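Reading through the structure tokens given below for one structure.
The values are calculated or read from the model by the stated rules, or taken from the named source; none is laboratory data. As the structure is a prediction and not an experimental result, all values here were calculated from the model. So basically every Cβ, Gly included, is an ideal-geometry build from the backbone, and we count neighbours across all protein chains shown.
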Amino acid sequence: MADVVVGVQWGDEGKGKLVDRLAPNYDFVVRFQGGHNAGHTIVANGKTHALHLIPSGVLYPQCKNVIGNGVVVALDALAEEIKPFGDLKGRLFVSERAHLILPHHCLQDVRTEGNATRAIGTTKKGIGPAYQDKVGRVGLRVGDLKEPKLLKEKIAQHLSAHAHIPDLPTLTALEDYLNAYAPLILPYATDTTALLWEAIDRQQKILLEGAQGSMLDVDFGTYPYVTSSTTIAAGACSGSGLSVKDIGKIIGVAKAYCTRVGLGPFPTEDLGQVGAHLREKGHEYGTTTNRARRCGYFDAVAVKYACRLNGCDEVALMKLDVLDGLEEILVGVGYENTSPNLEGAKPIYKSFKGWNNSAGVSDFNALPKEAQAYILALQEIIGVKIGAVSTSPKRENMVLLP
Ligand code: IMP
């Protein structure tokens, strides 16, 4: 059976910590979309790990980690990320079908972002251009590195499809780049779908780890201010090759407040003191780009919508302790005016009394009464059970609700 963890806000919900917490119960952790635009931070044994492409199960030796076909892979970034672990052979598997992010994809991303009328506030990692090439059927894939003769032909086709683009590398330069990384990456390249099917047949447990968040989904997010992949649970199947029938539980991850990086609608954003409190106390600076995140109140309308899209069985509420010290906490429970992508939506707020001292608590009854009331009210509004609440970055500080 395969369970899914997905973000139900605009990314950075704390999925890494949750997956790290769940990983000991799984044989495989699988990334199914996105690329190194993701940044999953895990604090374990006093050490902070920032993962971008490698699934969060890597910190557990029994866990096998899969970069699925739906992911876009930058070879240089992956090689850098493998380095601190030494050798991950037998523990990391990369789909031969995964598409490559090439150096000129990054340049293309940077160039588009420089054009004020087309800027999205991307991570400038080349994600959008690589996915464009995938659906445009001119992309290069990890498996192409296996056949140097065919590779040359494919590079030539790829380059001719991009003849209009500035900064295009020569065939030889791109070939040299790919051949330089091939020996490092090919030992990890395999048919990961077959690997996962075998695991299912052996009754092994698989955890599919979403990146970014549902509100950044290319179809259902705040388009065009979205990423270029299917970030919701539906993408877990197309991005791994598992069948819908293989999916068991779907867990949504939300922060107890809300953040967003980059441009685009964010109805409950707070540009005043509360936003500043959340940013500083919650260390809301991007793991990948170090950009200051926009901060605001929990948007229950967006989370409820995302839970419906994903079919969440339960929600994990992260970073509750960051709200410690606020006198009043607002929650967006409706919008005065709506549009499909939330442009111009004005939130209707419900007010809650703040609290102190939820940090480090691991038992629901030991939480301040106001924090308990806040959790139960959110659960009621979004209509999905809150199964776990995180009260510090540490692995062990997690309240489990019955
Ligand atoms: P891209 O994925 O780099 O193309 O960026 C598209 C949008 O998704 C931008 O608003 C980014 O800030 C946002 N984004 C991409 N990856 C993440 C992430 O891991 N966390 C939060 N936002 C992200």
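Structure summary
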quantity: Residue, farthest from the ligand (Cβ to nearest atom), within the range 274-291, restricted to residues that are at pLDDT 95 or above and small (Gly, Ala, Ser); calculated: Ala276
quantity: Residue identified as over 23 Å from His52 (Cβ atoms), of a type in the set (Val, Ile, Thr) and either out of contact with any Leu (no Cβ under 9 Å at 6 or more places or on another chain) or at pLDDT below 95 (or both) among Thr268, Thr230, Thr172, Thr190; calculated: Thr172
quantity: Hits in the range 232-260 - residues which are in contact with an Asp or Glu (Cβ under 7 Å, 6 or more places away or on another chain) and β-branched (Val, Ile, Thr); calculated: Ile232, Ile250, Ile251, Val253, Thr259
quantity: Which listed residue, of Val73, Val4, is away from the ligand (no atom under 16 Å from the Cβ), in a strand (DSSP E or B) and over 17 Å from Thr289 (Cα atoms); calculated: Val4
quantity: Which numbered condition Asp313 fails, given (1) closer than 26 Å to Val4 by Cβ; (2) crowded, with 18+ Cβ neighbours inside 10 Å; (3) touching a Lys or Arg at 6+ places or on another chain (Cβ under 6 Å); calculated: (2)
quantity: Identity of the residue in the range 278-300, in contact with a helix residue (DSSP H, G or I) (Cβ under 9 Å, 6 or more places away or on another chain) and part of a helix (DSSP H, G or I), that ends up surrounded by the fewest Cβ atoms within 10 Å (Cβ to Cβ); calculated: Lys281
quantity: Any pair with Cβ under 8 angstrom, 6 or more apart, that starts in the range 189-211 at a residue that is under 12 Å from Phe28 (Cβ atoms) and ends at one that is in a loop (DSSP other than H, G, I, E, B) and acidic (Asp, Glu); calculated: Thr192/Glu96; Ala199/Asp27; Gln204/Asp27; Lys205/Asp27; Ile206/Asp27
quantity: For Ala182: the one exception among (1) more than 16 Å from the ligand (Cβ to nearest atom); (2) in the same structural domain as Gly262 (by the TED database); calculated: (2)
quantity: Complete set of residues in the range 7-38 that are closer than 19 Å to Val94 by Cβ, of a type outside the set (Phe, Trp, Tyr) and within 16 Å of the ligand (Cβ to nearest atom); calculated: Val19, Arg31, Gln33, Gly34, Gly35, His36, Asn37, Ala38
quantity: Answer from Leu207, Leu271 - the residue that is surrounded by 24 or more Cβ atoms within 10 Å (Cβ to Cβ), over 19 Å from Arg308 (Cβ atoms) and either assigned by the TED database to the domain that holds Ala292 or within 14 Å of the ligand (Cβ to nearest atom) (or both); calculated: Leu207
quantity: Test for Val138: is it among the β-branched types (Val, Ile, Thr), outside the structural domain of Ser160 (by the TED database) and either buried (at least 22 other Cβ atoms within 10 Å of the Cβ) or more than 16 Å from the ligand (Cβ to nearest atom) (or both); calculated: no
quantity: Count of residues meeting criterion [over 25 Å from Gln132 (Cα atoms), surrounded by 20 or more Cβ atoms within 10 Å (Cβ to Cβ) and among the aliphatic types (A, V, I, L, M)] in the range 24-58; calculated: 3
quantity: Which numbered condition Gly46 fails, given (1) within 14 Å of the ligand (Cβ to nearest atom); (2) under 25 Å from Asn290 (Cα atoms); calculated: (1)
quantity: Flag for Ser228 being small (Gly, Ala, Ser), out of contact with any Cys (no Cβ under 8 Å at 6 or more places or on another chain), more than 16 Å from the ligand (Cβ to nearest atom) and not in a helix (DSSP H, G or I); calculated: no
quantity: Selection status of Lys64, of a type in the set (Lys, Arg) and farther than 30 Å from Tyr223 by Cβ; calculated: yes
quantity: Looking only at the range 124-133, and only at residues there that are assigned to a loop (DSSP other than H, G, I, E, B) and in contact with a His (Cβ under 8 Å, 6 or more places away or on another chain), the one that is nearest to the ligand (Cβ to nearest atom); calculated: Lys125
quantity: For Gly90: the one exception among (1) over 18 Å from the mean Cα position of the chain (by Cα); (2) buried (at least 24 other Cβ atoms within 10 Å of the Cβ); calculated: (2)
quantity: Selection count, the range 124-159, where residues are modelled with pLDDT under 95 and hydroxyl-bearing (Ser, Thr, Tyr); calculated: 0
quantity: Condition met for Leu323 (touching a residue at least 12 places away in the same chain (Cβ under 8 Å) and either closer than 30 Å to Val4 by Cα or buried (at least 18 other Cβ atoms within 10 Å of the Cβ) (or both)); calculated: yes
quantity: Test result for Gly235, outside the structural domain of Ile127 (by the TED database), within 13 Å of the ligand (Cβ to nearest atom) and at pLDDT 95 or above; calculated: no
quantity: Residue in the range 196-204 that is within 14 Å of the ligand (Cβ to nearest atom) and over 18 Å from the mean Cα position of the chain (by Cα) present; calculated: no
